[in-house]
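Everything below concerns the one structure shown next.
Derivation of every value follows stated rules applied to the coordinates shown; laboratory data play no part. In this text the structure is predicted, and so the values were computed from the model without any measurement. No Cβ is skipped: glycine too gets one built from the backbone with ideal geometry, and neighbour counts run over all protein chains shown.
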Amino acid sequence: MEVPFHRPDITDEEIEAVARTLRSGWLTMGPETFRFEKELAGYLGADHAVCLSSGTAALHLALICAGIGPGDQVIMPAVTFVSTAEAVRYLGAEPVLADVEYDTHCLDVQDLRKRITKRTRAIIPVHFGGHPADMDPLLDLAREHELAVIEDAAHALPSKYKGRYCGTLGDAGCFSFYATKTLTTGEGGMIITGRQDWADRARSLRLHGISRDAWNRYGKGGSWRYDVHETGYKYNMTDMQAALGRGQLSRLDDMHGKRREIARAYTEAFEPLPGLVPFREREGCRSSWHLYPLKIDGEDEGVRDDMMDILSKKGISTSLHFIPLHHFSGYRDLDTGDLPVSEKVFRQNLSLPINSKMVEDDISFVKNEVIQAAREVLK
Ligand SMILES: *Cc1c(COP(=O)(O)O)cnc(C)c1O
């Protein structure tokens with residue numbers, strides 16, 4: 001039996017919707033993208049959704065909207081994908097790494113507080129694997145120090161923090177629709193924001209800084225005349241992607257239900273085993289379960305590696321989220337101080353397959369093989 005780490009969940013209707021767009025005569029950003037934005041904002045109960053070419057582009061433009069520039073510091077967890085830091089570096093600003101909570105791998109607000117300096121301008125909490133960061137104390141701290149909060153919500157559709165959708169809690173939320181994420185457009189991303197000025201700026205920046213009203217200059221009544229008010233980027237979504245995304249959004253709650261079931265089955269199976277540390281949802285919060293992270297208690301990372309090897313030989317692909325940023329040669333120059341919990345979760349963590357294409361047999365197979373592998377490596 002083979003259980004791949006991820007299988008995209010795409011229906012024939014979604015394929016047909018993309019084909020319709022291809023036949024429609026309009027391929028790039030246009031009516032489908034604008035409909036998708038409206039539906040996304042509606043789903044999340046947010047004022048503005050701005051669809052983009054990637055989650056990285058979303059982080060980049062949100063940081064521009066926050067006014068981040070050379071010399072500024074932006075605090076983020078050490079345990080995240082490299083996009084979070086790279087978007088900060090695009091602007092000549094400095095990523096500052098903070099430690100994470102053992103249970104959720106999300107920013108530890110106590111440690112974050114210690115890393116605030118006169119140069120700190122923003123915080124990027126990452127909702128790790130879909131588990132919400134502890135936003136209430138984080139937002140209090142941000143208010144106290146007048147810092148922008150840009151949520152890296154790449155994993156967090158549809159996660160909720162105390163009844164509200166992740167991505168709608170800070171100044172902006174940045175989502176990714178990359179192939180492996182909980183809603184995919186192949187590649188894609190978006191900014192969610194309640195701020196009209198940020199939404200307007202992001203809309204202009206995603207298309208070369210061209211004035212808003214001139215986008216549709218090829219349409220009926222369009223004019224050749226347009227202005228460019230600042231240096232922008234080529235970060236727009238296409239209508240082919242949006243057509244796929246609209247189908248995905250209509251099934252998001254179903255797909256999420258499936259992920260929850262798998263997470264529950266895994267946790268029930270692993271919780272009683274000494275040495276295994278499954279994730280639990282934070283009180284009052286709901287995870288998207290983009291990832292199913294499992295930790296193996298102990299100081300020796302060889303145990304985790306052995307576990308991944310055994311599972312791989314049985315046909316189960318696992319992954320690791322994430323190599324902490326300061327471990328990369330391109331980020332070793334960061335002055336990080338101690339990050340003991342980030343190091344510990346890096347030694348202990350692996351991610352099991354979890355996606356809406358998994359069937360009952362896949363789930364039992366993974367459960368049983370993990371239990372057996374754990375017995376072997378922990379004896
Ligand atoms: C996937 C991801 C991103 C970036 O998304 P892309 O769409 O691939 O650019 C950002 N942050 C995190 C935590 C991610 O996992």
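Listed values for segment 156-165 are Karplus-derived 3J(HN,Hα) couplings in whole Hz (6.51 cos²θ - 1.76 cosθ + 1.60, θ = phi - 60°), namely 10, 10, x, 8, 10, 10, 6, x, 10, 5, and x replaces Gly and Pro. Counting other Cβ atoms within 10 Å as a rough exposure proxy, the listed residues MET76, MET255, MET29 run MET255, MET29, MET76 from fewest neighbours to most. Close amide H partners of CYS285, meaning residues 5 or more places away or on another chain with modelled amide H under 5 Å apart, are LYS162.
Relative contact order (percent) for the chain, with alpha-carbon contacts under 8 angstrom and 6 or more residues of separation? Let's see the in-between values first.
Working: 799 pairs, mean separation 85.1, N = 379.
Relative CO of the chain lands at 22 percent.
When the convex hull of the Cα atoms of the chain is projected onto a plane and the area is averaged over all directions, what value comes out in nm²?
Working: hull surface 76.8 nm².
So the Cα hull casts an average projection of 19.2 nm².
Hey, could you grab the Kirkwood Rh for segment 149-263? Inverse mean 1/r over distinct alpha carbon pairs, Å, one decimal.
15.9
The chymotrypsin sites (Phe, Trp or Tyr not before Pro) of segment 265-365 meeting both criteria, a DSSP state outside H, G, I, E and B (loop) and at most 14 other C-beta atoms within 10 angstrom of the site's C-beta, are PHE328. FRET efficiency for the pair ALA179 and ASP297, taken as 1/(1 + (r/R0)^6) with r the Cβ-Cβ distance and R0 = 30 Å, rounds to 0.40.
Measure off 7 Å from each Cα along the Cα-to-Cβ vector at GLU146 and GLU230, then give the distance between these two points in nanometres to one decimal. Here the answer is 1.9 nm between the modelled labels. The residues ASP297, ASP239, when put in order of fewest to most other Cβ atoms within 10 Å, stand as ASP297, ASP239.
Placing dummy labels 7 Å off each Cα toward the beta-carbon, the span from ARG195 to HIS208 is 2.7 nm. Any idea how far apart TYR90 and PHE328 come out in nm if each label point goes 7 Å out from Cα toward Cβ? Result: 1.4 nm between the two label points. Restricting segment 237-338 to GluC sites (Glu not before Pro) that sit in a DSSP loop and have at most 16 other Cβ atoms within 10 Å of their own Cβ leaves GLU283, GLU299. Please work out whether segment 294-369 counts as rounded, prolate or oblate from its C-alpha gyration tensor, where a ≥ b ≥ c are the square roots of the eigenvalues and a/c under 1.5 means rounded, while otherwise a/b larger than b/c means prolate and anything else oblate? It comes out prolate by the Cα gyration axes.
So which of LYS181/LYS357; LYS160/LYS258; LYS38/LYS357; LYS258/LYS379 end up more than 23 Å apart by C-alpha? Let's see the in-between values first.
On the way: LYS181/LYS357 13 Å; LYS160/LYS258 17 Å; LYS38/LYS357 27 Å; LYS258/LYS379 33 Å.
Violating the 23 Å Cα-Cα cut-off are LYS38/LYS357; LYS258/LYS379.
In this calculation the C-beta distance from ILE10 to GLU360 is compared with R0 = 25 Å, giving a FRET efficiency of 0.75.
Counting other beta carbons within 10 Å of each residue's own, what order do TYR161, TYR233 fall into, fewest first?
Numbers: TYR161 23, TYR233 17.
Taking fewest neighbouring Cβ atoms as first place, the list is TYR233, TYR161.
In a DSSP loop and with at most 12 other Cβ atoms within 10 Å, the trypsin sites (Lys or Arg not before Pro) in segment 254-361 are ARG332.
Within the same chain, lysines fewer than 8 places from LYS344 are excluded, and of the rest, those with a Cα less than 17 Å from its Cα are LYS295.
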